Amino acid sequence: MNTQKQATPDHPIHELLTKRWSPYAFAERPVTNEDLRSLFEAARWAPSSYNEQPWSYIVAKKEDKEAFQQMLSCLVEGNQEWAQAAPALALGCTSLKFSRNDKPNAAALHDLGLASANLTFEATARDMFVHQMIGILPDKARELYDIPEDVQPLTGLAIGYAAEPDNLSEKYKERDTTARERKPLSEFIFSDSWGTASELAKNR
C-alpha cells in the first residue's frame, strides 16, 4: 500500500474507501480465477434501475497472450503503455435498452458505474486494485468482440496488484506518487439554490 495514496477524509468513512486508488504501476503477480470470480460476483449484486442489471464485462488474463493482446488493442495508445503490465484486463459494457420492453434505459451508464464500483471495492478488500479508463476504442471493441449495436462498450479496467512506479514513464510516475485530493463538500452539496453550500457541508 502506497501510504501517500491513503485518503485523508474530513469525516469518518469506511477504511476501504480510504485505501482505494487507481495505480498505473502493476506488479507481475497474477490474479487468481477465484479472486476474479469474487470481483464479478460483487458487480453482480450492484443495484440497478428496475433490477435490469444492464452491465456486461469482457475479460482477458495475461496468461492467455492472444486474448490479452486483443483486449489491450481496444485501449487508446496512452493506456496501452501502462495497462500492458496488469495481469487482467476487462471491458465494461452496458445495454442501452430495457430487456423487458425494449425502451431506452436512461440509467444504463449509471448502473454500469455502480457495478464497477462494487467490483472495485471487492478488489480493495482483497488488497487488489482496479484502474478504470474511459480511454478505449469502442468501435474496435465492437468489431473484435461482436458487441451488439444496442450495447455500449464504455470503460476499460486494469485489475491486479499495485507495484512501485519505478518502471513507469515520468508522466505516469508522477500520477502514482502524487497525493490524492478531492473537492470539499461545500463545492458539491447544495441547498436552496445551485452553488449555495448546504449546512451539511459547512460543519466539520
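The values are calculated or read from the model by the stated rules, or taken from the named source; none is laboratory data. Being a predicted model, the structure only gives us computed values, none of them experimental. Counting neighbours? That spans all protein chains shown, and the Cβs are built from the backbone with ideal geometry, glycine included. Protein only, heavy atoms only, side chains kept; ligands, DNA and RNA dropped before computing areas. Shrake-Rupley method; radii C 1.70, N 1.55, O 1.52, S 1.80 Å.
Structural remarks
- The stretch 145-203, residues that are outside any helix (DSSP H, G or I), surrounded by 14 or more Cβ atoms within 10 Å (Cβ to Cβ) and among the hydroxyl-bearing types (Ser, Thr, Tyr): Thr155, Tyr161, Ser198
- Selection status of Arg44, open to solvent by less than 70 Å² (accessible area, probe 1.4 Å) and modelled with pLDDT of 95 or more: no
- Verdict on Glu66 being free of Cβ contacts under 8 Å to residues at least 60 places away in the same chain, assigned to a helix (DSSP H, G or I), of a type in the set (Asp, Glu) and over 30 Å from Lys173 (Cα atoms): no
- Total residues in the stretch 106-126, condition under 14 Å from Glu52 (Cβ atoms) and buried (at least 20 other Cβ atoms within 10 Å of the Cβ): 4
- Answer residue from the stretch 88-105, given it is open to solvent by less than 20 Å² (accessible area, probe 1.4 Å) and not in a loop (DSSP other than H, G, I, E, B) and is farthest from Ile134 (Cα to Cα) among those: Ala88
- Residue in the stretch 92-106 that is within 10 Å of the chain's Cα centre (by Cα) and not acidic (Asp, Glu) present: yes
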